[in-house]
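The values are calculated or read from the model by the stated rules, or taken from the named source; none is laboratory data. It should be emphasised that the depicted structure is a prediction, and the values quoted were computed from it without experimental measurement. All Cβ positions, glycine included, derive from the backbone under ideal geometry; neighbour counts span all protein chains shown. Keep in mind that these areas ignore ligands, DNA and RNA; they rest on the heavy atoms of the full protein, side chains included. Shrake-Rupley method; radii C 1.70, N 1.55, O 1.52, S 1.80 Å.
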Amino acid sequence: MSIEFTSLASGSGGNAYIVSDGNTTLLLEAGIPIKKLKQRAGFMLSRIDACLISHSHNDHCCGSRGIMQAGIDIYTSRETAEAKRLSGHRLHTIEPKQQFQIGSWTILPFDVPHDVLNLGFLLANRSRGKLLFAVDCFYVPYTFRGLTHIAVGCNHSRELLRESVEQGHIHPELANRIRKNHMSLSRVQDMLQANDLSRIEEIHLLHLSNDNSDPDIFKNETEKQTGTPVYIA
Amino acid sequence: MSNQLAEIKKNTVDVVTQKIKSLESNGEIQFPPDYSPQNALRSAWLQLQEIKTKDKKPVLEACSKTSIMNALFDMTVQGLNPAKNQVYFIPYGQQLTCMRSYHGTKALAMRVDEDIGDIVAEVVWEGDEFEFEIDRGMKKVVRHKQTLESIDSKSPKGAYCLVLDHKGNVKKSEIMTWEQIKSAWKKSIMNPIQENGQIKSNSTHGEFTEEMCKRTVINRACKPIINSSSDAHLFKAANRSEQVQAEQEAEQVAEANANQEVIDVEPAEAEPQEQESTEQDQVNEETGEVQQEQSQKNEQATGTEGPEF
């Protein structure tokens, strides 16, 4: 079975995605409270085998405690665990570039630049499916081979962000922070350009900003560039 | 002389140019995107070479370097250009000053308030039909009918200025009576008003009364707009250039570091499958089908063993 990627929540209000290959189901990010997660995941919640968390910002891990209490193991960096004071037998700390196995998935975490330590994940399964997952990063420092699925944060468009500042909707300093901590559409396009997309099946654009992005444009532009179905989370 | 000029230029225009550049790069001063301080300074330099004092001395020789620099600086920070008659350089003794013309005032008002589409002024002459009323505290010109004869009367009764938006609707209006205009002119350094209340006929105000009336009422209407503005137009320009700068900085860092090293997960495809299958067998031995088979065998064994006892 190929990879199934579902978005339960995306954006600065909270992030939670489910990725499954039919054997093992993973929750990527725990950025919504467990109660909401239960509502949104429905029957899928019982199928979740483990949860990966990228970094310690609340929109990515506020539900981590509840998730551990629900009996789901969490995999995250030591820094994130310390920042969120997570501990116990449900916590597994992972290191950048040290791959590990959860069920049918082999997972390689890698560091991506953000204002706190942040991990991206490269997930490969037995049926040669390979998912790149990276959110809340300035850019992705690495390139990858044979990706079948890409799920990346695509926060803003440079032009729309500049417009928001000019119109006084957001403070210039905040705009600068956004620029250095999130990928713009053009940076995502550069990334797609730099990677081998010969086996690509699906692209998911995540974490779109409410004010500084346009889902239709993002979808169309990316589909035009890659000739691959693009989904906006 | 040319050497002397070059020396003066070096001590004035070049100093101001440098200062403006450094202020601009530090973000301490910002210009509207359609304004080039360098062009304005160049035009100013050309004009300054022609301007003479009352005693027919070139201002570049007669006026102090500091006052020349200040005049050039004043012009530039207001974003005005002498080539468009937005400012005039006027020497007073050793002091060169930069006077904003009403064209400059208009340009500045329209820049600080983007809703302004145009600023117009008219003189009301003796014999004109002119009516205005006060609507919610604002003077509003209701009717103004002029005839060629009334214009030729050459005796002004007042003047008014209308600040229009882009659709031509009146945003604001200012009306001045002839007496008010004259008392404004009395404050002028040129003071064209004689003791008897008449205008000196050989003065600029006497020769170009209509234009001077318009200028006065336009200044009166625009000053509050300019003075009560928040420098927002400068900030807007500032934001724009800062944004572009910040964007480029971020872009450079990203371009230099993004999408570099190739990393991959170890091809754990075949191995985990085998491992998993053996694991599954083991797991199943404990809990699943395999165990069932064994227990069945056991049962069978006991079953067969049973009857022997």
**Asked** What residue among B:LEU108, B:GLN95, B:ILE134 has its Cα farthest toward the positive end of the dipole of region B:86-137, where the charges are +1 on Lys, Arg and -1 on Asp, Glu, each on the Cβ?
**Response** B:GLN95
**Item:** Dipole moment magnitude, nearest 20 debye, the protein assembly as shown about Cα centre, only Lys, Arg, Asp, Glu C-beta charged
**Value:** 4100 debye
**Message:** Given axes a ≥ b ≥ c from the Cα gyration tensor, I'd like to know whether the protein assembly as shown is rounded (a/c under 1.5), prolate (a/b larger than b/c) or oblate.
**Reply:** prolate
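Mind putting a number on the dipole of chain A about its Cα centre? Charges go on the C-beta only, +1 for Lys and Arg and -1 for Asp and Glu, and I need it in Debye to the nearest 20.
680 debye
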**Prompt:** What is the distance in Å between the Cα centres of region B:24-96 and region A:108-152?
**Reply:** 58 Å
**Request:** Would you work out which of B:VAL59, A:ASN58, A:VAL19 lies farthest towards the positive end of the dipole of the protein assembly as shown, given +1 charges on the beta-carbon of Lys and Arg and -1 on that of Asp and Glu, about the Cα centre?
**Result:** B:VAL59
**Message:** Which residues does the label zone of B:MET99 cover in region B:180-209, counting backbone N under 17 Å from a point 7 Å along Cα→Cβ?
**Reply:** B:182-194, B:200-209
**Request:** For every helix of n ≥ 4 consecutive DSSP H residues, a contribution of -39,500 (n - 2.57) applies; sum these over chain A, divide by its total residues, and give [θ] at 222 nm rounded to the nearest 500 deg cm²/dmol.
**Result:** -7500 deg cm²/dmol
**Fill in**
Ordered by number, the trypsin sites (Lys or Arg not before Pro) in region B:116-161 that occupy a DSSP loop and have at most 14 other Cβ atoms within 10 Å are B:ARG136, B:LYS154
**Message:** List the residues of region A:174-195 for which accessible area in the full set of protein chains is at least 20 Å² lower than for the chain on its own; 1.4 Å probe, protein heavy atoms only.
**Reply:** A:ASN176, A:ARG179, A:LYS180, A:ARG187, A:ASP190
**Item:** Cα gyration tensor, region A:110-188 - rounded (a/c under 1.5), prolate or oblate
**Value:** prolate
**Fill in**
Candidate cut points under GluC sites (Glu not before Pro) in region B:14-87, DSSP loop plus at most 10 other Cβ atoms within 10 Å of their own Cβ, are B:GLU28, B:GLU50
**Message:** What does the buried accessible surface come to for B and A, summed over both chains, with the probe at 1.4 Å? Round to 100 Å².
**Reply:** 2900 Å²
**Request:** Could you pull out the pairs from B:LYS186/B:LYS214; B:LYS106/B:LYS157; B:LYS106/B:LYS171 whose alpha carbons sit more than 18 Å apart here?
**Result:** B:LYS106/B:LYS157
**Request:** Rank B:TYR160, B:HIS144, B:SER188 by how far each Cα sits towards the positive end of the charge dipole of the protein assembly as shown (+1 on Lys, Arg Cβ; -1 on Asp, Glu Cβ) and give me just the farthest.
**Result:** B:SER188
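Leaving ligands, DNA and RNA out of it, report the carbon-plus-sulfur percent of the accessible area of region A:4-232 at a 1.4 Å probe. Numbers along the way, then the final one.
Values: 4010 of 9120 Å².
That share works out to 44 percent.
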**Message:** With +1 on the Cβ of every Lys and Arg and -1 on the Cβ of every Asp and Glu, and nothing else charged, how large is the dipole of region A:62-127 about its Cα centre, in debye rounded to the nearest 20?
**Reply:** 220 debye
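Starting from region B:91-143, pick out the GluC sites (Glu not before Pro) whose DSSP state is loop and whose Cβ has at most 15 other Cβ atoms within 10 Å. Display every interim value, and only then the final one.
Values: sites: B:GLU114, B:GLU122, B:GLU126, B:GLU129, B:GLU131, B:GLU133; in loops: B:GLU114, B:GLU126.
Loop-located and lightly packed - B:GLU114, B:GLU126.
Using a 1.4 Å probe, what is the accessible area per residue for the protein assembly as shown, in Å²?
Values: 28370 Å² over 542 residues.
That works out to 52 Å² for each residue.
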**Message:** Return the Rg/Rh ratio of region A:4-232 with Cα-based radii and a Kirkwood Rh.
**Reply:** 0.95
